[in-house]
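Reviewing the structure listed below.
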Amino acid sequence: MKRYAAAVVLTLMVSLPTSALAHFGMVIPDTSVVSQKTGKQVDLALSFSHPFEGIGMPLEKPAEFSVVMDGHTQDLTKTLTPIQVMGHSAWASSYAVKRPGVYHFVMTPTPYWEPAEDIFIIHYTKTIVPAYGGEEGWDEELGLKTEIVPLTRPFGLYAGNLFQGVVKLDGKVVPGAEVEVEFYNRDGKAKAANDYLVTQVVKADVNGIFSFTVPTDGWWGFSALNEADYQLEAEGQKKGVELGAVLWVEFTKWQG
Ligand SMILES: [Cu+2]
């Protein structure tokens, strides 16, 4: 019996893809740019998922969901309604954009207890949507606990563009920060020839700056991971907390 159990554990370890560990907070709007053509309404889906593999996890109602424009924050937490994303509980919000500008949508989830990794996970997740030609403020730092501040304008991007950002934790740059990158494989058409191709990894330089060339069109998530300087309690014990700074960016196919 014992040998059988050991064999089962070994099999699980061997077959568990490395990517099974790459969770991503997700904030995905139905349009990456608001214009007269799209109309003023932006519908957003908030989830906690494995975006390439299409495997969902339950997302409790976020502690906060807000939109920041030109330094002003508007709390949208009350607008959240339950939906399903990848077969798990997720949240929807809707926002009417009335003025030109750059709108930063930010989700602060409640801590997610992950027994498989023996840690809590909190992914501060944002996406940045410009409206009616507005462009000021795309590089704004919001002052989140941890945050990717874009160095490349995070909209109006082509597939094949280089994307750069700065990883910040408590307002300070994080030299050598690890950034996981994953494609939102919404229609499931993308296939990974091996597990390393599900989640790609880059490291920030000494100034906390990371660079990634995006190979194809669609939504791409960048997730900078750091360990919190505090612990939370689970199963009667103090446990570590993984803080993720996640940014979702859409890249568009070249036309012509
Ligand atoms: Cu997971």
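Out of every Cα-Cα pair that the chain contains, those further apart than 35 angstrom amount to 13 percent.
Which of the residue pairs K37/K61; K145/K203; K126/K238; K40/K203; K145/K238; K126/K253 have a Cα-Cα distance greater than 30 Å in the structure shown?
Details: K37/K61 32 Å; K145/K203 20 Å; K126/K238 28 Å; K40/K203 37 Å; K145/K238 20 Å; K126/K253 22 Å.
Pairs exceeding the cut-off: K37/K61; K40/K203.
Extension gain for W254 to D75 (0.36 nm times residue separation, less C-alpha to C-alpha distance): 60.9 nm. Using only side-chain charges placed at the Cβ, +1 for Lys and Arg and -1 for Asp and Glu, the dipole size of segment 14-133 relative to its Cα centre rounds to 640 debye. Overall, the anisotropy analysis places segment 126-256 in the oblate class: the square-rooted eigenvalues a ≥ b ≥ c of its C-alpha gyration tensor yield a/c not less than 1.5, with a/b not exceeding b/c.
Using a simple charge model, +1 on the beta-carbon of Lys and Arg, -1 on the beta-carbon of Asp and Glu, nothing else, what dipole does the chain show about its Cα centre, in debye to the nearest 20?
Once rounded to the nearest 20, the dipole reads 560 debye.
For segment 113-178, the dipole from Cβ point charges (+1 on Lys and Arg, -1 on Asp and Glu) about the Cα centre works out to 160 debye, to the nearest 20. In the chain, Cα pairs under 8 Å separated by at least six residues give a relative contact order of 19 percent. Extension gain for S94 to Q231 (0.36 nm times residue separation, less C-alpha to C-alpha distance): 45.9 nm.
For the peptides 39-46, 131-138, 228-235, residues were scored by their other Cβ atoms within 10 Å and the scores averaged per peptide; the highest-first order is 39-46, 131-138, 228-235.
Of R153, R186, the sequence from fewest to most neighbouring Cβ atoms within 10 angstrom is R186, R153.
If Lys and Arg each add +1 and Asp and Glu each add -1, what is the summed charge of the other residues whose beta carbon sits under 15 Å from the beta carbon of D139? Walk me through the intermediate numbers first.
Working: positive: K126, R153, K168; negative: D70, E135, E136, E140, E141, E147.
Overall, the nearby charge balance is -3.
None of the figures in this text is laboratory data; all of them are computed from the coordinates on show. Bear in mind that the values here come from a model prediction, so they are computed numbers and not experimental data. Backbone-built Cβ (ideal geometry, glycine too); neighbour counts: all protein chains shown.
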